[in-house]
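J.: Can you read through this structure? Questions will come right after.
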Amino acid sequence: MKRPLFFFPIILMLGLITGCAYFQKKDEPPPLPPIEETKPPLSLKSVHFKVFPWVALPKPRKDGNDPDTITYTMKEGDTMEIVAESMMGDPGLSVGLASFNELSSPSAARAGDKIVIPNPMIGMSSQIMVKSKGDKNFGEPKSFGVEFKKGDEYKLRFESNVNGFLYVLRKGAKGMEYLYPAQVKKGKRNKDPKPLMRDTGRVTAHEAVEIPIGKNGFVYDPKKAGDMIYAFLSLKKIPELEDLKEKKAIRVEDVEDVMHRVKEGEILNETPFHLLRISDPSEILGFSQNIDG
C-alpha cells in the first residue's frame, strides 16, 4: 500500500533538521533564550527615610531602568498617602514623594501615573569627642580631624539611622584591631578573646555608640598620629567581619577586601555624614578616616 504523498514533505523536513544537528559543531551549541532574573523588592521601613535628602536625589526616571528606584503605577482608589505608607512605611512621606515626582501636591496624583519611589537610605555619622587635661567631661562631638595635644583623651561616636550592625576597626603601626564590637582582653582566665555580651555589634537607630565604652577614652599619643579608622554598617551581619572576630591577628588585606565589597553611589559623603541608598539588605555602607585628619 502506497503512503500518502503529504507524508513526503514531513519526512524531508525531519531529515534536514537531523542533518543540521549532525553537522553542527559541538563547541557551538544552539543559543538559549535569555533568562530574566527577578529579585523581590527590599522591604521598606519609614525609619530608612527619616532624614531623607530629597533635594540631593537625581531627577526620577519613570522608565523603570534606575536600579536605585522602584516604579509604581497608580491604580483607581490610590492616593499618594496610600503609596507612601505601603511602599515607604509612612503616609507622612507623601509630600516629599510628590515633590520628588515633580507633582504640585500629593493630591495631584491620578490613576495611571507612574510614581518613582527611591530605595531606602542607610546612613551614619562619625565624630570624635575630646577631653583635655583638667576637663571633667568630654566635649561636644566634632568631625574627624580635630587637633590633639599629648595626653588628651578621645572617644569615637557613631550614630545610625537604622537598626543594623556596626563594625569599627583601627589600623595603626602594629596592625589592625577591633574597636567595635569590643573584645575581652587576654588574661590568665581569658586566653581567647571573645566579643562582650554587652557589645555585640548591633546598633539601634538614632542611639549613639561611643567607643570605647565606659568613662575613660583612648589616650592620644603623637607617635600614633595617622591611625586609620575603618567603619562598616549593614542591615545584616557581615560574614567576613564576623569571621575576623575569631582571629588573633587581623590582616589589613582582610579588611580592605570587605571595603572593596562596599556599594558605591553615596548620595552624600560629607563629614560627619555618610549616606547610601540600598536595594538589598546585605549591601554595605563603609568608609575610612584618619583619626587626626
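Values in this text are rule-based calculations from the coordinates and carry no lab data. Keep in mind the model is a prediction, meaning the values are calculated, not measured. Virtual Cβ from ideal backbone geometry, glycine too; neighbours counted across all protein chains shown.
J.: For the pair D280 and M228, what calculated FRET efficiency results from E = 1/(1 + (r/R0)^6), where r is the Cβ-Cβ distance and R0 = 41 Å, to the nearest 0.05?
T.: Using R0 = 41 Å, I get an efficiency of 0.90.
J.: Taking the Cα centre of segment 121-290 as the origin, how large is its charge dipole in debye, to the nearest 20, when only Lys and Arg (+1) and Asp and Glu (-1) carry charge on their Cβ atoms?
T.: Working: 31 positive and 26 negative charges, 226 e Å.
Magnitude of the dipole: close to 1080 debye.
J.: OK, next. In segment 62-82, which residues have a backbone nitrogen under 18 Å from the label point lying 7 Å from S99's Cα in the Cα-to-Cβ direction?
T.: Inside the label zone: 80-81.
J.: Tell me which GluC sites (Glu not before Pro) from segment 60-137 have a DSSP coil assignment and no more than 16 other beta carbons within 10 Å of their own. Don't jump to the answer; show the numbers that get you there.
T.: Values: sites: E76, E81, E85, E102; in loops: E76, E102.
Here the sparse-neighbourhood loop sites are E76, E102.
J.: For segment 121-290, just the Cα set please: Rg and Dmax, both in angstrom.
T.: In order Rg, Dmax, the Cα atoms of segment 121-290 give 15.8, 48 Å.
J.: Treating only the Cβ atoms of Lys and Arg (+1) and Asp and Glu (-1) as charged, compute the dipole magnitude of segment 46-118 about its Cα centre; round to the nearest 20 debye.
T.: Charge dipole of segment 46-118: 160 debye, to the nearest 20.
J.: Rounded to the nearest angstrom and ordered from largest down, what semi-axes does the equivalent ellipsoid of segment 46-118 get from its C-alpha gyration tensor (root of 5λ)? Mind dumping the intermediate values first?
T.: Numbers: eigenvalues 55, 44, 26 Å².
Semi-axes from the Cα gyration tensor: 17, 15, 11 Å.
J.: Mind checking the full-extension length gain between Y72 and D221? Use 0.36 nm per residue of separation minus the Cα-Cα distance, one decimal, nm.
T.: Details: separation 149, 0.36 × 149 = 53.64 nm, distance 5.51 nm.
Stretched fully, the Y72-D221 segment lengthens by 48.1 nm.
J.: Right, next: Report the gain in length on full extension from S86 to M259: 0.36 nm times residue separation, minus Cα-Cα distance, nm rounded to one decimal.
T.: On the way: separation 173, 0.36 × 173 = 62.28 nm, distance 3.35 nm.
Length difference between fully extended and current span is 58.9 nm.
J.: Given the Cα-Cα distance of T271 and E140 and 0.36 nm per residue of separation, how much length would full extension add, in nm?
T.: 45.6 nm
J.: Still on this structure, please answer the following. Find how many whole Å separate the alpha carbon centroid of segment 50-121 from the alpha carbon centroid of segment 231-276.
T.: 30
J.: Would you mind computing, in nm to one decimal, how far apart the modelled labels at V252 and A111 are, each placed 7 Å from Cα along Cα→Cβ?
T.: The answer from the label model is 6.3 nm.
J.: Going down the table (K224/K247; K59/K237; K142/K237; K223/K248; K149/K247), which pairs top 30 Å between alpha carbons?
T.: Among K224/K247; K59/K237; K142/K237; K223/K248; K149/K247, the Cα-Cα distance tops 30 Å for K59/K237; K149/K247.
J.: Which cross-chain or sequence-distant (5 or more) residues have an amide H under 5 Å from the amide H of F287, H modelled 1.01 Å from N in plane?
T.: Answer set, sorted by chain and number: A231.
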